[in-house]
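J.: My questions will all concern the structure given below.
The values are calculated or read from the model by the stated rules, or taken from the named source; none is laboratory data. Bear in mind the structure is a predicted one, so any value in this text is a computation, not a measurement. Please note: Cβ atoms are built from the backbone with ideal geometry, for glycine as well, and neighbour counts cover all protein chains shown.
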Amino acid sequence: MSTIALALIAVVALLHAYFLVLEMFLWTKPLGLKTFRNTPGKAEITRVLAANQGLYNGFLAAGLVWSIVAQKTDVALFFLGCVVVAALYGAYSVNKRIFFVQGVPAIAAILAVLLLK
């Protein structure tokens, strides 16, 4: 894989590691409340659900890191595809900005993997 592709995959992995931290550890804290436009009461009620969601973001980050370390294009494309699907669903079901925050970087990484060999 090209250096650009690897860098873009790393950006997506770092984003998902950040989402893990936000959702698992900062959901009820000021940064988590502000990021997700949440109230303290609602955040407390949904804390366990958010932590579960954060764990899945961690799995995406781990898969992307694996693809970088192992230099596996097929693994990178699989996990980047998962990110795009999650971003599309998040944009549909929660907020359209999810697509731009998660989906656009993943699509850029997919294009780099496929076009910059």
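J.: May I ask you to say which residue of F25, F36 is more than 21 Å from M1 (Cα to Cα), aromatic (F, W, Y) and at pLDDT below 95?
T.: F36
J.: Could I ask something else about it? Please go through the range 9-33 and give me each residue that is within 11 Å of A43 (Cα to Cα) and not acidic (D, E), ordered by number.
T.: L26, W27, T28, K29, P30, G32, L33
J.: So how many residues does the range 51-97 have that are of a type in the set (F, W, Y) and in contact (Cβ under 8 Å) with a residue 60 or more places away in the chain?
T.: Of the residues in that region, 0 qualify.
J.: Okay, moving on. Could you please tell me which pairs satisfy a Cβ distance under 6 Å, a separation of 6+ or placement on different chains, a first residue in the range 12-31 that is under 25 Å from L80 (Cβ atoms) and hydroxyl-bearing (S, T, Y), and a second residue that is surrounded by fewer than 18 Cβ atoms within 10 Å (Cβ to Cβ) and at pLDDT 95 or above?
T.: Once the first residue is under 25 Å from L80 (Cβ atoms) and hydroxyl-bearing (S, T, Y) and sits in the range 12-31, no partner that is surrounded by fewer than 18 Cβ atoms within 10 Å (Cβ to Cβ) and at pLDDT 95 or above comes close enough.
J.: Of the residues in the range 39-79, how many are buried (at least 17 other Cβ atoms within 10 Å of the Cβ) and more than 19 Å from A106 (Cβ to Cβ)?
T.: 2
J.: Another question about this same structure. Going by what's in this entry, would A76 be described as touching a Ser or Thr at 6+ places or on another chain (Cβ under 6 Å) and either more than 21 Å from F25 (Cβ to Cβ) or not in a helix (DSSP H, G or I) (or both)?
T.: Yes, satisfied.
J.: Which pairs do you get when a residue that is free of Cβ contacts under 8 Å to residues at least 24 places away in the same chain, found in the range 39-50, comes within reach of a residue that is surrounded by 11 or more Cβ atoms within 10 Å (Cβ to Cβ) and among the β-branched types (V, I, T), reach meaning Cβ atoms under 9 angstrom, with the pair 6+ apart or on two chains?
T.: P40/T28; A43/T28; E44/T28; R47/T28
J.: Here are the criteria: (1) more than 29 Å from L115 (Cβ to Cβ); (2) assigned to a helix (DSSP H, G or I). Tell me which single one T28 does not satisfy.
T.: It fails just one condition, (2).
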